[in-house]
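In what follows, a single structure is set out as structure tokens and then discussed.
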């Protein structure tokens with residue numbers, strides 16, 4: 001079920017709001033000696049295709065953005081711990097500047113939710129009188145904020161608050177707390193007092209728990225859907241976040257210092273940057289348009305150029321991935337960025353000679369910008385990930401077709417840009433098909449490879465939180481609860497496991513994914529790539545073949561027993577959407593904006609209006625706001 005939309009015209013913050021908030025916090029920061037640790041949860045079981053290399057060689061943009069916001073606001077005693085680099089990290093043993101931090105934040109995707117729970121459980125081992133204020137955020141909690149709050153007295157772990165929004169929400173929370181904080185008072189104590197006094201209810205984008213006499217959470221209060229920063233130039237500079245990265249280690253404790261500037265590129269050889277947010281398409285399996293309130297948000301070309309330049313000069317990072325939803329969505333704004341980059345020198349040389357980067361686009365918009373692809377290449381773009389999904393548009397229609405997809409790949413290759421198609425496999429699609437129409441999975445992959453693809457992503461359609469299809473996938477009985485006695489776990493939600501299917505032989509779908517990867521990544525293609533590479537980028541084709549084969553081995557090993565269970569085990573299906581076990585309500589008697597159908601209602605709470613968050617676009621009343 002999609003996030004509900006705020007009233008039209010009220011989706012965005014007033015221009016300059018984030019800049020003003022950052023300035024206000026800088027004035028008060030010297031009076032508060034705050035120390036903060038930000039942890040990015042990572043479940044090692046998710047280390048497989050298609051993210052084998054990027055998962056460990058690219059510092060994620062989310063926790064870095066939070067770190068940048070804190071450092072920019074004057075709270076420079078901040079450390080970012082990436083669990084993929086530091087798997088032994090234990091929050092109960094962390095010390096920063098010789099003391100337990102005032103703030104502990106954990107960011108998680110849904111895939112990594114179990115690792116996130118372990119971090120929250122561990123930080124709650126700290127004596128409550130010394131415990132930091134614990135904040136949960138990231139994609140997992142944007143759509144399922146109840147996941148931040150523990151299971152009860154028998155397992156007493158919980159975050160203090162879940163942030164369901166972006167930097168503005170977090171900084172607004174800090175501003176309220178610091179205005180109330182007494183001399184020598186812990187930040188968590190201030191939070192509890194502010195929470196009980198209703199001071200948080202005017203900050204849309206928070207979910208917090210009210211506790212009973214035993215101290216366990218009894219109900220969740222949802223302050224509503226966040227307002228979004230419209231002008232992304234207001235965001236703090238990403239160069240600040242890279243200064244806060246914890247050096248990789250297997251220690252449970254923190255190092256005495258963050259990574260030095262000259263060490264950053266050694267561990268994060270790929271930089272991640274936010275350039276745009278939003279997409280005009282409304283794919284039923286995708287939560288992105290609803291999250292962005294149907295808005296397109298961008299940075300200016302000058303700001304993007306400055307970010308590339310400073311990151312290159314300070315850290316030596318030369319390769320980047322743009323965390324875009326659809327970079328080509330708006331022609332005018334795309335050209336502002338690429339034309340600015342094309343004329344921007346880096347270290348005295350043309351931009352494309354120093355920087356190489358890629359991002360996500362669609363086939364439809366690639367063809368629409370065909371006349372500008374030369375400029376895109378001059379801007380340093382060397383690879384584009386295309387959301388093809390299904391070339392025949394049987395699964396979803398985004399303006400693609402077999403002919404248009406092949407044409408888009410040829411155009412990119414002609415301009416020296418490597419196409420990286422992203423595919424989805426589904427119940428109705430066979431492995432191979434006969435006839436002129438390339439309906440089969442391998443038929444399509446063959447065409448894509450022939451047209452110049454040097455990388456391939458094939459994932460099974462799974463329930464995606466925040467999407468139109470999410471609720472129906474469960475209520476229809478399509479989603480699995482367990483297979484062969486093994487429950488479906490959150491680390492399996494990435495698309496590599498068949499966990500939602502009506503196919504009579506689902507194990508075939510699981511094997512099809514592996515066969516698709518094997519068809520694309522294999523020793524023969526590696527040898528051919530050395531002699532006749534598909535990419536104009538030197539050895540890129542061969543290198544990706546090696547990485548793909550390595551990832552294929554990992555994927556096959558991790559999914560082998562699941563394939564056997566699908567083949568021989570009994571499949572138990574879900575009949576209801578996974579919801580919060582705790583009652584939820586909005587501010588006052590309002591509906592909880594982030595509650596799913598079936599969530600128990602708190603006392604005196606009004607039910608969520610029928611159809612809220614669906615395609616009708618009817619806004620859910622949001623009772624609180626700055």
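Determine whether residue 95 is in contact with a helix residue (DSSP H, G or I) (Cβ under 8 Å, 6 or more places away or on another chain), surrounded by fewer than 22 Cβ atoms within 10 Å (Cβ to Cβ) and over 17 Å from residue 209 (Cα atoms). Working first, answer last.
On the way: in contact with a helix residue (DSSP H, G or I) (Cβ under 8 Å, 6 or more places away or on another chain): no; surrounded by fewer than 22 Cβ atoms within 10 Å (Cβ to Cβ): yes; over 17 Å from residue 209 (Cα atoms): yes.
Criteria not met by residue 95.
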Q: Return yes or no: is residue 15 in contact (Cβ under 8 Å) with a residue 40 or more places away in the chain, farther than 30 Å from residue 421 by Cα, touching a strand residue (DSSP E or B) at 6+ places or on another chain (Cβ under 7 Å) and surrounded by fewer than 16 Cβ atoms within 10 Å (Cβ to Cβ)?
A: yes
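Residue 213: modelled with pLDDT under 95, surrounded by fewer than 18 Cβ atoms within 10 Å (Cβ to Cβ) and within 24 Å of residue 592 (Cβ to Cβ), yes or no?
So residue 213 fits the description; yes.
With respect to residue 249, determine if the residue is free of Cβ contacts under 8 Å to residues at least 40 places away in the same chain, out of contact with any helix residue (DSSP H, G or I) (no Cβ under 7 Å at 6 or more places or on another chain), surrounded by fewer than 19 Cβ atoms within 10 Å (Cβ to Cβ) and assigned to a loop (DSSP other than H, G, I, E, B). Before the answer, list the steps.
Working: free of Cβ contacts under 8 Å to residues at least 40 places away in the same chain: no; out of contact with any helix residue (DSSP H, G or I) (no Cβ under 7 Å at 6 or more places or on another chain): yes; surrounded by fewer than 19 Cβ atoms within 10 Å (Cβ to Cβ): yes; assigned to a loop (DSSP other than H, G, I, E, B): yes.
So residue 249 does not fit the description; no.
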Q) If residue 546 satisfies every condition in (1) closer than 30 Å to residue 352 by Cβ; (2) assigned to a loop (DSSP other than H, G, I, E, B); (3) modelled with pLDDT of 90 or more but one, which is the exception? A) (2)
(Q) Name the residue that is nearest to residue 453 (Cα to Cα), counting only residues in the stretch 555-583 that are under 25 Å from the mean Cα position of the chain (by Cα) and modelled with pLDDT of 95 or more. (A) 555
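The values are calculated or read from the model by the stated rules, or taken from the named source; none is laboratory data. If you're wondering where the values come from, they're calculated on a predicted model, not measured in any experiment. For neighbour counting, all protein chains shown are included, and Cβ atoms are generated from backbone atoms with ideal geometry for every residue, glycine included.
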